[in-house]
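Colleague: My structure is below; once you've seen it, I'll send some questions.
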There are 2 protein chains.
Amino acid sequence: MNATDKIADSFSDAEARIARTRRRLPKFSVQHTTLARLSRHINKLSQERANLALRPFALNMVSYNTLMMLYGTEGHRLSPSQLADASGEKRTNITRICDELCAKGLVERVAGVDDRRSVVVSLSSSGLALIEQLQPVMTQLLGDLYGDFTIAELQELQRLLRKQVARLDRSLRAASSEPAT
Amino acid sequence: MNATDKIADSFSDAEARIARTRRRLPKFSVQHTTLARLSRHINKLSQERANLALRPFALNMVSYNTLMMLYGTEGHRLSPSQLADASGEKRTNITRICDELCAKGLVERVAGVDDRRSVVVSLSSSGLALIEQLQPVMTQLLGDLYGDFTIAELQELQRLLRKQVARLDRSLRAASSEPAT
DNA sequence: AATCAATAGTTCAGTTGTGAATTATTCATA
DNA sequence: TATGAATAATTCACAACTGAACTATTGATT
């Protein structure tokens, strides 16, 4: 493990420890652990990379993603709960993110009409303009990140990831309906 | 989109917005965006699921992972920098995590011998015992999360994820050697 | 119609993670 | 040998996220 290897692969330090762990814990699942670690590692790196591209626009992956969920909705409006579901962020985090986007003039909040408990969050014209300005930037970034894959590989990766989501949904449902341990 | 669909797939709200976005931004890459969002979604759910399993042991995924990197190292000891590399956490976060693990008596810190700037972090006997106690729990959890995949699928997923890491390494290297935008 | 359960969005307190700055130490260079 | 550059670990201030609690509102049940 020298500097050349380190440059070649940001995952190799983790990998060495996983391999060695197997020698001591015979039932340790190297394959599963490796996948879990790779997945997490990719997310850290991806977020870091995306945030670099978004920083000049005073956004990060989470705020961009939130804007895009509004953009992809009929009328560019959603309740905070719907926004949470679409973006994958927790509701309380959506409150914080919307506070920030509101302060930047990128979204607007109004009281819900049909349900007085609710709020409606919508894209402002500045928000809309920013998204369209960002489009080439993000298209290029994603092209960069996924550029080594063939079409077939992209499709296979998507199939596998969807399978994983379905399993996770089930696992979380099962785990949260269990009695407390 | 009704309650039944929601139960079936935690990703469908995001998916609908991605699809609709394409209609408005013709160059928008649905495939790449979907993959990026799936990947992030899986990580959120996985972390949530793992933390549920680890909570009874007063640990979470990050602290467990840190312990495991020590466990998988000859002599169960690493400098904080090496630990950061192995775990994928930033150095300052390693300081915080080690503070916590030290307070729990799971790791010990001593001054480095060869280099007076450095520290050596090692697993305590309690830390070692806890890892071995956790082994069946984590093996079962990972078996649960990856249980729907065939061996061939696991291997293909690993191949694809490694390809992605290699690309990300290159992309981040390129991005950080560019002049500031 | 009254009562209770569930819900929307937010607040609040705490947890988790990060980058810049710092100080002592080590390494590289002339 | 002296000087300057690079580095290890940490501190510090801040960013980002979370779960419990809360209040007003809506939905379900009797």
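Here, each number is a calculation from the coordinates, and none is a lab measurement. Predicted, not measured: the structure shown is a model, and the values here were computed from it. Virtual Cβ from ideal backbone geometry, glycine too; neighbours counted across all protein chains shown.
Colleague: Which chain A residue comes nearest the axis with its C-beta when you rotate A onto B, and by how many angstrom?
Modeller: Taking Cβ atoms only, the nearest residue and its distance are A:ASN43, 2.
Colleague: Enter the angle in degrees (range 0 to 90, nearest 10) between the Cα long axis of helix B:61-71 and the first principal axis of the Cα atoms of chain B, meaning the one along which they spread out most.
Modeller: Taking the Cα atoms of chain B, the angle to B:61-71 is about 50 degrees.
Colleague: Which three extents, in angstrom, do the Cα atoms of the range A:58-133 have along their principal axes, listed largest first?
Modeller: Each principal axis gives a Cα extent; for the range A:58-133 these are 34, 23, 22 Å.
Colleague: Say the cut-off is 26 Å between C-alpha atoms; which of A:LYS90/B:LYS90; B:LYS44/B:LYS163; A:LYS90/B:LYS163; B:LYS104/B:LYS163; A:LYS90/B:LYS104; A:LYS163/B:LYS104 go over it?
Modeller: Listed pairs above 26 Å: A:LYS90/B:LYS163; B:LYS104/B:LYS163; A:LYS90/B:LYS104; A:LYS163/B:LYS104.
Colleague: Something else about it: Taking the label point 7 Å from Cα in the Cβ direction, how far apart in nm is B:GLN133 from each other copy of itself, listed shortest first?
Modeller: Ordered by increasing distance: 5.5 nm.
Colleague: Enter the per residue convex hull volume of the protein assembly as shown, computed from alpha-carbon coordinates, in Å³ rounded to the nearest integer.
Modeller: Convex hull volume per residue, Cα atoms: 168 Å³.
Colleague: Can you divide the C-alpha Rg of the range B:1-56 by 2.2 N^0.38 Å and report the result to two decimal places?
Modeller: 1.42
Colleague: Still on this structure: Let me check I've understood the local charge: for B:LEU142, count other residues with C-beta under 12 angstrom from its C-beta, Lys and Arg +1, Asp and Glu -1. What total comes out?
Modeller: Neighbour charge sum, excluding B:LEU142 itself: +3.
Colleague: Using only the alpha-carbon atoms, what does the range B:60-103 span along each of its principal axes? Please give whole angstrom values in decreasing order.
Modeller: Principal-axis extents of the range B:60-103 (Cα, largest first): 23, 17, 17 Å.
Colleague: Treating the angle as unsigned and between 0 and 90°, give the value, to the nearest 10°, between the Cα long axis of helix A:30-54 and the longest Cα principal axis of chain A.
Modeller: 40 degrees
Colleague: Something else now. Express in nm, to one decimal, how much length is gained between B:GLN158 and B:ARG23 on full extension, taking 0.36 nm for each residue of separation and deducting their alpha carbon distance.
Modeller: Here the segment from B:GLN158 to B:ARG23 would lengthen by 45.3 nm.
Colleague: Label-to-label distances across copies for A:ARG159, with labels 7 Å out along Cα→Cβ, in nm, shortest first?
Modeller: Computed spacing set for this position: 1.3 nm.
Colleague: Who wins for biggest fluctuation among B:ALA36, B:ALA166, B:ALA152 in a Gaussian network model of chain B, springs between alpha carbons below 10 Å?
Modeller: With Cα springs under 10 Å in chain B, the top fluctuation among B:ALA36, B:ALA166, B:ALA152 is at B:ALA166.
Colleague: Turning to a different aspect of this structure: Shielding of A:79-90 by partners, i.e. mean partner chain Cβ atoms within 10 Å per residue?
Modeller: So the per-residue partner count for this stretch is 3.
Colleague: What FRET efficiency comes out for the pair A:ALA58/A:SER176, r = Cβ-Cβ distance, R0 = 41 Å, nearest 0.05?
Modeller: Efficiency, rounded to the nearest 0.05: 0.65.
Colleague: Neighbouring Cβ atoms within 10 Å as the yardstick, rank A:SER87, B:SER176, B:SER39 fewest first.
Modeller: Ordered from fewest to most neighbouring Cβ atoms within 10 Å, A:SER87, B:SER176, B:SER39 come out as B:SER176, B:SER39, A:SER87.
Colleague: Give a quick list of trypsin sites (Lys or Arg not before Pro) in the range B:20-72 that DSSP marks as loop, anything other than H, G, I, E or B, with at most 16 other Cβ atoms within 10 Å.
Modeller: B:LYS27
Colleague: Report, for B:VAL113, each distance to the same residue's label point in the other copies, shortest first and in nm; define the point 7 Å along Cα→Cβ.
Modeller: Distances between equivalent label points, in nm: 7.6.
Colleague: OK, next. Find, among the trypsin sites (Lys or Arg not before Pro) in the range A:65-101, those assigned to loop by DSSP (not H, G, I, E, B) with at most 15 other beta-carbon atoms within 10 angstrom. It would help to have the intermediate numbers written out before the result.
Modeller: Working: sites: A:ARG77, A:LYS90, A:ARG91, A:ARG96; in loops: A:LYS90.
Hits after loop and neighbour filter: A:LYS90.
Colleague: For the range B:100-181, which trypsin sites (Lys or Arg not before Pro) pass both filters: DSSP loop (anything but H, G, I, E, B) and at most 13 other C-beta atoms within 10 Å?
Modeller: Details: sites: B:LYS104, B:ARG109, B:ARG116, B:ARG117, B:ARG159, B:ARG162, B:LYS163, B:ARG167, B:ARG170, B:ARG173; in loops: B:LYS104, B:ARG116, B:ARG117.
For trypsin sites (Lys or Arg not before Pro) across the range B:100-181 that sit outside H, G, I, E and B with at most 13 neighbouring Cβ atoms in 10 Å, the list reads B:ARG116, B:ARG117.
Colleague: What average number of partner chain Cβ atoms lie no more than 10 Å from the Cβ of the residues making up B:54-64?
Modeller: Numbers: counts 0, 2, 2, 0, 0, 0, 0, 2, 1, 0, 0.
That average works out to 1.
Colleague: Enter the mean number of other protein chain beta carbons within 10 Å of the beta carbon of each residue in A:136-146, as an integer.
Modeller: Working: counts 1, 0, 6, 6, 1, 5, 7, 2, 7, 7, 9.
Averaged over the peptide's residues, the number is 5.
Colleague: Restricting to Cα atoms and excluding each atom paired with itself, what does the Kirkwood estimate give for chain B in Å?
Modeller: 19.7 Å
Colleague: Looking at B:ALA175, B:SER126, B:LEU67, which one has the Cα that reaches farthest to the positive end of the dipole of chain B (charges on Cβ: Lys, Arg +1; Asp, Glu -1)?
Modeller: B:ALA175
Colleague: A further question follows. Any idea what angle helix B:151-176 forms with the longest principal axis of chain B, computed on alpha-carbon atoms, 0 to 90 degrees, nearest 10?
Modeller: It works out to around 80 degrees.
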